[in-house]
């Protein structure tokens, strides 16, 4: 699988660029903050490595279910 890594400072437009590239190139994109961090009613915490893997796996299954051609 080919990947595009986008790096930049806070609020520099990384997510916007990733979303646009994903739409134009018809490839999936993953917002890493949503994978690494979890927002709850009591605040935000960093997920464990195992939790991050589980979230990533769940996202792939959802994309497959929605007829996306993403391999697990």
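A short reminder: the numbers here are calculations on the coordinates, not readings from a lab. The model shown is predicted, which means the values in this text are computed figures rather than measured ones. Glycine also receives a Cβ, built like all others from the backbone with ideal geometry; neighbour counts cover every protein chain displayed.
Annotations for the structure displayed:
- Working ranking of peptides 35-43, 19-27, 4-12 by packing, defined as the average number of other Cβ atoms within 10 Å per residue, highest first, is 19-27, 35-43, 4-12.
- Estimated translational D of the chain in µm²/s (Stokes, Kirkwood radius over Cα pairs; 4 °C; 1.567 mPa s): 94 µm²/s
- Relative contact order (%) - the chain, alpha-carbon pairs under 8 angstrom, separation at least six: 15 percent
- Computed extension gain for residue 55 through residue 9, at 0.36 nm per residue and net of the alpha carbon distance, reaches 14.1 nm.
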